[in-house]
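To start, the structure itself, in structure tokens.
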């Protein structure tokens, strides 16, 4: 297990994207992630013109509603990266995927403790 105490717990999404890109580079096929307890803050885009939010922000809101409704969801890797680009901070997350025949997981606690477990954890630069 690798663990890091990330110093800016109010802005960790880009750091998480970096970790996910490294994970994908370790395998030849596109992976899917099982997400649970995924709590986050969306980027601040200011006021919406006429109350209409941009489509990419609406997609993140719908993503949140799906997690709240289903509790555990499975998303494709590239879709998760797309969503994370409009998220400022992930406060809590349990993320799992299968690499080879082994479970690889990323957990985030309080937005600043990131824990990585799995057979490729030593290949991930934190």
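The values are calculated or read from the model by the stated rules, or taken from the named source; none is laboratory data. None of these values were measured; they are calculated from a predicted model. Neighbour counts are summed over all protein chains in view; Cβ atoms, including those assigned to glycine, are modelled from backbone coordinates with ideal geometry.
List of remarks:
- Scan region 63-75 for residues that are assigned to a helix (DSSP H, G or I) and surrounded by 12 or more Cβ atoms within 10 Å (Cβ to Cβ) and the total you get is 4.
- Flag set for residue 11, criterion: within 13 Å of the chain's Cα centre (by Cα), part of a loop (DSSP other than H, G, I, E, B) and modelled with pLDDT under 95.
- Subset of region 76-115 (residues that are under 20 Å from residue 29 (Cβ atoms), in a strand (DSSP E or B) and touching a residue at least 40 places away in the same chain (Cβ under 8 Å)): 76, 95, 96, 97, 98, 99, 104, 106
- Filter result (in contact with a strand residue (DSSP E or B) (Cβ under 6 Å, 6 or more places away or on another chain), surrounded by 16 or more Cβ atoms within 10 Å (Cβ to Cβ) and within 24 Å of residue 1 (Cβ to Cβ)) within region 76-93: 80, 89, 90, 91, 93
- Pick from region 21-62, criterion in a helix (DSSP H, G or I) and in contact with a strand residue (DSSP E or B) (Cβ under 8 Å, 6 or more places away or on another chain), ranking: surrounded by the fewest Cβ atoms within 10 Å (Cβ to Cβ): 61
- For residue 114, the stated conditions hold: it is farther than 13 Å from residue 37 by Cβ and either buried (at least 17 other Cβ atoms within 10 Å of the Cβ) or more than 11 Å from the chain's Cα centre (by Cα) (or both).
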